[in-house]
Amino acid sequence: MNSVKTRLIATFVLACALVATLAGCGAASKEELSRPFVGTWAIDSVMSGGVTSTGQELELYKAMGVYLVLGSDNTLLFELFGVSVSGTWDPVDANKATVSFSESEAADAGVAAEQELQLVDGKLHLVDGDDTRIFAQIDPADKQESDIGALLGSTDASNVEETLLALRKDLTGAAEGTAPLDDAQELDQFVAGDAVCEIKIKAMGTYGGDPGYLLTITNKADERIIVDDDAFEVGGKAADAVLLAIVDPGSTSQEVLWFDADELGGEGTAALESVSGKLTVTGYESGEVLGTYDFAA
């Protein structure tokens with residue numbers, strides 16, 4: 001009887017050992033789970049509230065530099081328009097990982113400190129609530145430096161400057177006429193004028209399917225200026241406007257201020273009802289705010 005009991009116990013012990021061995025063979029190590037995530041990733045598309053950014057908005061994302069760099073040591077660097085956010089990441093399985101950013105750096109960049117990474121069809125999804133930034137893996141050598149801080153004063157950002165200026169030239173088209181806009185309606189409306197700049201609304205129309213305005217911006221300052229948008233409303237509701245202009249001293253540039261048609265809930269210029277906001281002018285070299293101007297149309 002003791003012999004039978006001994007054999008049963010031995011069999012049970014061997015079975016447990018076999019199960020443990022098989023489980024060990026089947027479980028991937030943290031290094032193995034991390035391997036597909038490691039590398040340099042560049043922005044490929046952006047989804048917000050289920051809507052995917054396309055056209056000019058996506059081109060601006062790409063031109064201004066949005067990258068994820070995931071290290072094999074599970075460190076992480078998120079570069080968003082020149083703002084660097086450091087953190088760590090931890091694989092959950094072969095297709096999912098958790099992300100923890102520095103809380104202070106995440107707050108400065110306006111992103112959540114805790115996010116999730118998902119690998120979907122070879123692309124990396126960084127999920128931040130309703131916003132998902134989708135990245136494609138690139139060769140680290142193809143990563144371009146892009147620093148908005150540098151645009152506001154550093155002389156070491158010539159490649160960023162040239163990329164951005166070339167992009168704006170491509171988007172705005174001809175220096176005269178209303179070529180950037182479709183179905184353009186000429187307005188010739190004065191917005192601002194002082195020793196820093198003169199801004200006029202030349203026309204309104206659609207810009208790649210999105211409603212917007214064609215502006216003429218004359219730089220009267222002694223340095224290059226950057227003009228961008230702030231706190232816009234359409235029809236009494238907050239709306240995201242898109243404008244980024246860089247204008248040389250003594251030059252006049254045509255730039256498009258536009259809104260997402262899906263956000264406004266309508267296509268064409270009919271969606272541009274009671275538009276108001278502010279335009280901020282910053283010195284390229286000095287980094288100082290040279291003027292803030294009310295916009296109303």
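Applying 1/(1 + (r/R0)^6) with R0 = 25 Å to the Cβ-Cβ distance of Thr88 and Lys143 gives a FRET efficiency near 0.75. Candidate cross-link partners of Lys237 among the lysines, defined by an alpha-carbon separation under 17 Å and a same-chain spacing of 8 or more, comprise Lys278. For region 33-142, the Cβ-based charge dipole about the Cα centre amounts to some 260 debye (Lys, Arg positive; Asp, Glu negative; other atoms uncharged).
Under 14 Å of direct C-alpha separation, and excluding same-chain neighbours fewer than eight residues apart, Lys202 reaches these aspartates and glutamates: Glu176, Asp182, Asp183, Glu186, Asp188, Glu255. In summary, the lysines within cross-link reach of Lys96, defined as a Cα separation below 25 angstrom excluding same-chain residues under 8 places away, comprise Lys30, Lys62, Lys123, Lys143.
A viscosity of 1.306 mPa s and a temperature of 10 °C, combined with the Kirkwood radius over Cα pairs in Stokes-Einstein, give a translational diffusion coefficient for region 33-142 of 114 µm²/s.
Extending 7 Å from Cα along the Cβ direction at Asp294 and again at Glu116 yields two label points whose distance is 4.6 nm.
Semi-axes of the equivalent ellipsoid of region 177-296 are 24, 15, 11 Å, computed as sqrt(5λ) over the eigenvalues of the C-alpha gyration tensor in descending order. In whole angstrom, how far apart do the alpha carbon centroids of region 91-131 and region 180-257 sit? Spelled out, the Cα-based centre of one part sits 34 Å from the other.
When peptides 256-269, 283-296 are ranked by their average number of other Cβ atoms within 10 Å per residue, the highest-first order is 256-269, 283-296.
Bear in mind these aren't lab numbers, they're just calculated from the coordinates by the rules spelled out. These numbers come from a predicted model, not from an experiment. A quick note on method: Cβ atoms are made from the backbone with ideal geometry, for glycine too, and the neighbour counts reach across all protein chains shown.
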